[in-house]
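The values are calculated or read from the model by the stated rules, or taken from the named source; none is laboratory data. Small disclaimer: the values here were computed from a predicted structure and weren't measured. We place every Cβ from the backbone using ideal geometry, glycine too, and count neighbours over all the protein chains shown.
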Amino acid sequence: MNDPRLDGQSLDYFDQTFSLFTDVHYSSGIPNLAFYLLSQGGQHPRGRSSILVRGIGIAKAALVFHRANTVLLLGKTMATFADAKLATEQAAAQLGYSPADIASVTAARQAVGVGTNILVASQSLSLGHAMWSNDRRFSLVLQSDGNLILWDATSVLWTANTGARGRCQPTCSPIPPERRQPRHQ
């Protein structure tokens with residue numbers, strides 16, 4: 001569990017190499033590593049992320065994962081890694097864990113690439129990094145030269161055209177109430 005890639009086939013990070021057709025035994029390395037990091041603490045063993053997870057102990061981590069799988073995800077046959085991330089965060093909250101413990105649940109999932117495709121207020125996309133849509137069809141890439149590009153699977157859909165002429169640093173900010181669009185019911 002501490003290094004799923006040791007078997008030569010299991011995945012240890014949720015990125016563009018993941019496929020819905022990946023054998024469950026190989027893709028289970030991702031949540032296995034998240035559990036290990038949550039229980040023991042540490043960083044991704046192969047440096048796939050720089051997120052440092054504070055361990056909460058094996059007993060608390062086991063209760064979180066057990067509740068997420070047997071209560072919150074029960075009957076959800078097509079649950080995604082994003083669903084599992086949310087379920088483990090909710091389970092930790094329902095079990096009365098501290099905000100620091102809940103943050104560790106989030107960090108453990110993010111350390112294996114789950115839930116890292118969302119920018120929230122004050123977060124930004126770093127140079128040379130990308131984020132993907134949940135279905136992996138689209139990516140937003142901030143190139144090392146500062147150019148921001150939106151891709152579909154094979155082609156550029158949009159570009160900021162800032163290449164080497166300046167730095168584009170997309171940062172997520174809350175939308176002011178007066179600029180929000182009403183939601184249709």
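List of remarks:
- Output for segment 36-50, where each listed residue is part of a helix (DSSP H, G or I) and without any contact (Cβ under 8 Å) to a residue 40 or more places away in the chain: Tyr36, Ser39, Gln40
- For segment 1-31, the set of residues classified as at pLDDT below 85 and β-branched (Val, Ile, Thr) consists of Thr17, Thr22, listed by residue number.
- Some residue of segment 56-71 being surrounded by 16 or more Cβ atoms within 10 Å (Cβ to Cβ) and under 16 Å from the mean Cα position of the chain (by Cα): no
- In segment 126-155, the residues that are surrounded by fewer than 11 Cβ atoms within 10 Å (Cβ to Cβ) and either within 25 Å of Asp83 (Cβ to Cβ) or touching a strand residue (DSSP E or B) at 6+ places or on another chain (Cβ under 6 Å) (or both): Asp135, Arg137, Ala153
- Selection of strands (runs of 3 or more DSSP E) fully inside segment 91-185 by the criterion of at least 2 residues being touching a Ser or Thr at 6+ places or on another chain (Cβ under 9 Å), modelled with pLDDT of 55 or more and not aromatic (Phe, Trp, Tyr) returns 129-132, 139-142, 148-151.
- Boolean, Ala82 is touching a strand residue (DSSP E or B) at 6+ places or on another chain (Cβ under 9 Å), under 24 Å from Trp132 (Cα atoms) and in contact (Cβ under 8 Å) with a residue 12 or more places away in the chain: no
- Residue in segment 51-74 that is assigned to a helix (DSSP H, G or I), closer than 20 Å to Ser104 by Cα and among the basic types (Lys, Arg) present: yes
- A single entry from Gly75, Gly57 fulfils the requirement of being modelled with pLDDT under 95 and over 23 Å from Ser133 (Cα atoms): Gly75.
- Gly41 being over 23 Å from His129 (Cα atoms) and in contact with a Gly (Cβ under 7 Å, 6 or more places away or on another chain): yes
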